[in-house]
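The values are calculated or read from the model by the stated rules, or taken from the named source; none is laboratory data. In this text, all values refer to a predicted model and were calculated from it rather than measured experimentally. Cβ sites come from the backbone with ideal geometry, for glycine too, and all protein chains shown count toward neighbours.
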Amino acid sequence: MVAIPSTTPLSGLVKAVPSGDTLLLMKQAAPVNGPPPEMRLTLSSLKAPLLSRDAVSDEPYAWASREYLRQKLIGKVVTFRIDYRVQSLNRIFATVFLAEGGSINLDVAAAGMARVKRPLNDSGDCSPEFEALLAAEDKAAANSIGLHAGGSAPISRRVPQPNAPLLDGEQLVTSLRGRHVQGIVEYVANGSALKVLLKNVPCASEADIGDRLVTMCFSGVQCPGFRRADPENPSSQSTPMPFAVNARFLTEVRLLHRDVVISTEGVDRNGILFATIEDPNAKLYIGEELLRAGFAKTVSWSIDLSAKAPALRAAERSAMDRQVGVWKGFKRPTVNSELFNGTCVEIVSGDMIVVRDDNTGKLRRISLASVRANRLERGARDKSTVTVGPASEARDALRKKLIGKRVTVKIEYTRAPSDESLRKETMHFATVGREGDQKNTDVALPLISAGLLAVVRHRGEEDRAANYEEYLERQKAAVEAKRGIHSNNENVTRRINNLTGQDAKKRSRDVLSGLQRNGPYRGLVEYVSNASRFRVFLSSESMLITLALRAVRCPQPTRRSYAPDGSVTEEVAGEPHGDEALDFARDHIMQRDVEVEVVNVDRVGAFIGNMQLISPSGEKTDVSSLLLEHGHGYIHPSFDPSRDPFGNVYGTIEKRAREAKKGLWRDYVEQSEAELAAAEQKKSAAKNFIGVVCEIGFGGKIYVQNRDTSKSALSTIESGLKSMSLESKTAAPIATLRQGQIVAAKFSADQCWYRARVLYIHKTGEIDVRFVDYGNEGRVTIGDVRSFNTAGGLASAAPIAVEVALGNVVVPDADDACGIPAGEFLRDMIYGKEVNVSVYSMDGPAKAIGDILVPTPGGSDARVGSVSVREEILKAGLARIIRKRDRASKAAFNQLRPFEQVGIDSRAYLWNYGEAYESDFDEDN
């Protein structure tokens, strides 16, 4: 030991008090390039009882001694004089004084919290106050003070034994929730992870109260840590991450060995408690201080546990803006801030909408920023179920707020699609508000309050919605109130009667009388097929129907088929003005509340009737009048104004739109009857052709290959199919197939590949198809189907076999008792024969409506010398004339009535029980 003479007193701040005779001091000067210097001092000539590492086997009075010195000195400025140093122990012994004067050494000895240590071998290593210390000790012993009291020592830390059963983290948090617990910070692992002695808390059970030493982290705050040393290398040391030392020092200065107030708030899966730990005497919460200094980042999952969450986020933003600490050099992702106005035309889900941009007129898919709705579960492929619960409630709430409304969209950030995402376009996230509505500047806020939307947990550097802080506060209130998705309610599926599928024809007729009798019905427009044809959900009946307007027909829009990623795989051009009419219907009718009145059902199971829009205020607007007024439709040829109370009104509205050149009437020029007749004759002549009947189907479907063009066209198709090496390609996934899709399918009879249209996909995996170049139907397995590459042209080329429907007549279908005899009659009469096809009109590129003329022996291609199939099947009693009230239908009726009368007189087939259709008028679309 080497004696050190007394020196000029030095000063320092008491940072920690490890025991009753030891202090950790640090320099008072402001730190430069890291924490300031520190010094560990032991009180000269004193020895306090030892504290154990496990907090269980403390020496008597060890805890009381430490607490006496800690409460007296922690956080205070003291002066000290170095008395001597023990080199072998690397310890410095000093006399410590408070700023107001008085020796701490003497105070400790007088309080009986340490014993005076006698020097060994007259080394002189003792305090200059040694005699005074002895006198103070003798006085304390005489008065039986402190450790001189004798008898049992005071209770030390009341911590459980090492192997004692304890409440786990979840149980401890539950027992302490809502309470402010007193504690002492014993150790700082890093800036946000502490070891804390909790006082008077449940340990082994709720009734067993004691002290407990636990590891705690700040809720919502995470500081850089220390990388562990290599266990295989004894000489290696832990390495601090950037700013880890700064963060730990700041926490030590503010909290180490301080009395703190603790609010326990949560626990992670490793049992680590999360809490708000405060020094009651501090001006600023340590979590805010760490974040403001840039020594920490917020943690999204735990920050909402803290009542100080808004202040913590504000402190982090301040550090990010100033680019200090861990945020040095940080740059926010550059986002082209965009603000635009438009009209909301569709609600995709509770957090996604479709807006028609005023600037471009295009539809834009927009996601609400920083929120997420529960996903609607995919229903059955036949749409026989609907989802009921928070997911559907969120979508409906957003629909009521936004559909059809003018909106303001502020793009907050964008995201590139993930590799797993089917859609590959950039996603836009925005704050959406109703234009001019100060109460709804952000539609996400009330939905969060209702518990219908969840707030996304952003990382500190991520962009977010402008009202993100308010989002979190509202979500916290919704969680506490257990509203919406935060309750125990879950999404459930409910069965509905879907009358829009392929098998709807018969079932629609079964419910027709009930719908006619009990209507009208409230409903919701789920989808717009074209401007006059809709898919409507009738909630009171749990029924999904297709509704075609009775009075109005609108031009057909372009038909597009889409792949799962949103790309167009097939496109069929529509009629003039069809796309404009569809856009108008989507903008004004899609997802609106409506009132539906059913009048009839058509040949494919779609209901025919009237529909009225219902505004939020309850006002009703007739959809047919709306379409006619804007020139997006015209009165249906089969509509009889005399049978509808609005018939004359519709005529007046259509006339006004035609005179004003609105919509489809923009380029309309009314022609004289002579011009119309000449044009129709020229049009028909151009479409008439000679061909060979290659297939006969039920319902009078006749397939004919054009004699002049089919041979070369078939050769081209066959060459294209052979070049694709279809046998070596893998089968098309059944999930990607859809009704109406053009595919390559293997015909079972000759094992060759042909083009086919998908008619129906069975649950067994088998697929009904029609071979479009020959007209015949068949059933194939998924292994015998290949998808086309749309770029090759085989999918888009027109079918070679043209379907010819006999005009103005109805031929019994397969479900009719006369269906098979009618098919056999046509097969015997024309199958495989060369015929003349007289075309009246075309319904698409491969369907003609007209008549088939069979040349008689020695006849010619002219009408004379030919037999009309339409007339012959009427005479056989296997078809009837369509009854409609428009002028063209009445003319056809008068022309064909004599032939039908022959069948009626024969009492055969359809007329077995008399003229069953005398008063039945066909009003189908």
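Observations
- In a residue-by-residue description of the stretch 570-582, the property of being out of contact with any Pro (no Cβ under 8 Å at 6 or more places or on another chain), within 16 Å of V528 (Cα to Cα), at pLDDT 90 or above and not assigned by TED's automatic domain parsing to the domain that holds R395 applies to at least one position.
- When the test is whether a residue is surrounded by 15 or more Cβ atoms within 10 Å (Cβ to Cβ), in contact (Cβ under 8 Å) with a residue 40 or more places away in the chain and closer than 30 Å to L73 by Cα, L255 passes it.
- Scanning the stretch 718-768 for residues that are exposed (fewer than 13 other Cβ atoms within 10 Å of the Cβ), closer than 21 Å to A801 by Cβ and in contact with a Gly (Cβ under 7 Å, 6 or more places away or on another chain) yields a single hit, S748.
- Residue list for the stretch 590-646, filter: out of contact with any helix residue (DSSP H, G or I) (no Cβ under 9 Å at 6 or more places or on another chain), within 24 Å of P576 (Cβ to Cβ) and of a type in the set (V, I, T): none
- Flag for A749 being part of a loop (DSSP other than H, G, I, E, B), free of Cβ contacts under 8 Å to residues at least 60 places away in the same chain and under 27 Å from S723 (Cβ atoms): yes
- In the set P60, P37, P9, only one residue is out of contact with any Cys (no Cβ under 6 Å at 6 or more places or on another chain), surrounded by fewer than 18 Cβ atoms within 10 Å (Cβ to Cβ) and without any contact (Cβ under 8 Å) to a residue 60 or more places away in the chain; that residue is P37.
- Screening the candidates I353, I366 for the property of being in contact with a His (Cβ under 9 Å, 6 or more places away or on another chain), at pLDDT 90 or above and surrounded by 21 or more Cβ atoms within 10 Å (Cβ to Cβ) yields one hit, I366.
- All conditions in (1) free of Cβ contacts under 8 Å to residues at least 40 places away in the same chain; (2) within 19 Å of the chain's Cα centre (by Cα) hold for N518, with the sole exception of (2).
- For the stretch 683-730, the candidate set comprises residues that are assigned to a helix (DSSP H, G or I) and among the basic types (K, R); within that set, the residue that is modelled with the lowest pLDDT is K683.
- Scanning the stretch 154-184 for residues that are in a loop (DSSP other than H, G, I, E, B) and of a type in the set (D, E) yields a single hit, D168.
- Criterion (surrounded by 20 or more Cβ atoms within 10 Å (Cβ to Cβ) and of a type in the set (D, E, K, R)) met by exactly one of R560, R550, R643, R603: R550
- Residue in the stretch 332-350 that is among the hydroxyl-bearing types (S, T, Y) and within 30 Å of V525 (Cβ to Cβ) present: yes
- Picking from residues in the stretch 30-83 that are touching a Lys or Arg at 6+ places or on another chain (Cβ under 9 Å) and β-branched (V, I, T), the one that is nearest to A110 (Cα to Cα) is T42.
One line per residue, one yes/no per condition, for (1) basic (K, R); (2) in contact with a strand residue (DSSP E or B) (Cβ under 7 Å, 6 or more places away or on another chain); (3) closer than 30 Å to A892 by Cβ; (4) in a helix (DSSP H, G or I):
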position	(1), (2), (3), (4)
A585	no, yes, no, yes
Q591	no, yes, no, no
V598	no, yes, yes, no
Q612	no, yes, no, no
P616	no, no, no, no
L627	no, yes, yes, yes
F639	no, no, yes, no
S642	no, no, yes, yes
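- Screening D437 with (1) over 30 Å from G294 (Cβ atoms); (2) touching a residue at least 60 places away in the same chain (Cβ under 8 Å); (3) assigned by TED's automatic domain parsing to the domain that holds G389 gives one miss only, at (2).
- Hey, A140 closer than 18 Å to A62 by Cα and assigned to a helix (DSSP H, G or I) or not: yes
- Scanning the stretch 772-783 for residues that are under 13 Å from A749 (Cα atoms) and either in contact (Cβ under 8 Å) with a residue 60 or more places away in the chain or not in a strand (DSSP E or B) (or both) returns N776, E777.
- The stretch 343-365 residues that are within 10 Å of V407 (Cα to Cα) and in contact (Cβ under 8 Å) with a residue 12 or more places away in the chain, paired with ones that are among the hydrophobic types (A, V, I, L, M, F, W, C) and part of a loop (DSSP other than H, G, I, E, B) (beta carbon under 9 Å, 6 or more apart): C344/I403
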